[in-house]
Every structure is written in C-alpha cells, then in structure tokens.
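Notes follow once the structure below has been shown.
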Amino acid sequence: MIKTNLIGMGISGWMADFGEYLPASGVKFYDNQSGEVLHNKWPVLWAKLNREAVEESGKLGDIVFWMRAGFSESASIDMTDNISK
C-alpha cells in the first residue's frame, strides 16, 4: 500500500504516524509473541517497512518520511542519511 498509494501517486514525503499503537494485550502475532513483548519493537518494524518501500521503489534520496514513535533502533532506520548537507 505504501508503494502503490503513496510512492506510486508521486508523493515525496509523509508522516508515518501511529507506530506506537500496538495493543499490549489481547493479540498474538505470527510467531506467538504478545503485544506486550513487541510493544517497543513495533515502531522500529514500522520504520523499517516504510524505509524498505522507499528503497524498493528506487526513490532513496527523493522521498522522506518521518515518525513520532520510536525506540532505540529507530535512529539507524530514519531517512536523515539521505538529506543533502
């Protein structure tokens, strides 16, 4: 959906918001981990998904996304390495 509905329509930037909204209870994921276990990892996975969509589209350096949510690994995934200095 990111590649089709954002990149495919020519959008050059977006706020990849709501990476923090993962229920802590009442859900199990494909690997049987709970939302409580994945809660802090979820924003990182959301950032990776957005970055991979940009990279796979061959638009790295042309598109930027930003996020409000994050965790310790988020800085290694963000788009700031593609900003011209």
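Listed values, structure above:
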{"quantity": "Computed magnitude of the charge dipole of region 2-82 (debye, nearest 20; Cβ of K, R +1, Cβ of D, E -1)", "calculated": "160 debye"}
{"quantity": "Along principal axes, Cα extents of region 2-82, largest first, whole Å", "calculated": "38, 25, 19"}
{"quantity": "For 11, 77, order by how many other beta-carbon atoms lie within 10 Å, fewest first", "calculated": "11, 77"}
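Readers should treat all values here as calculations from the given coordinates under stated rules, not as data from a laboratory. As the structure is a computational prediction, the values presented were derived from the model and not from experiment. Here the Cβ is made from the backbone with ideal geometry for all residues, glycine too, and neighbour counts use every protein chain on show.
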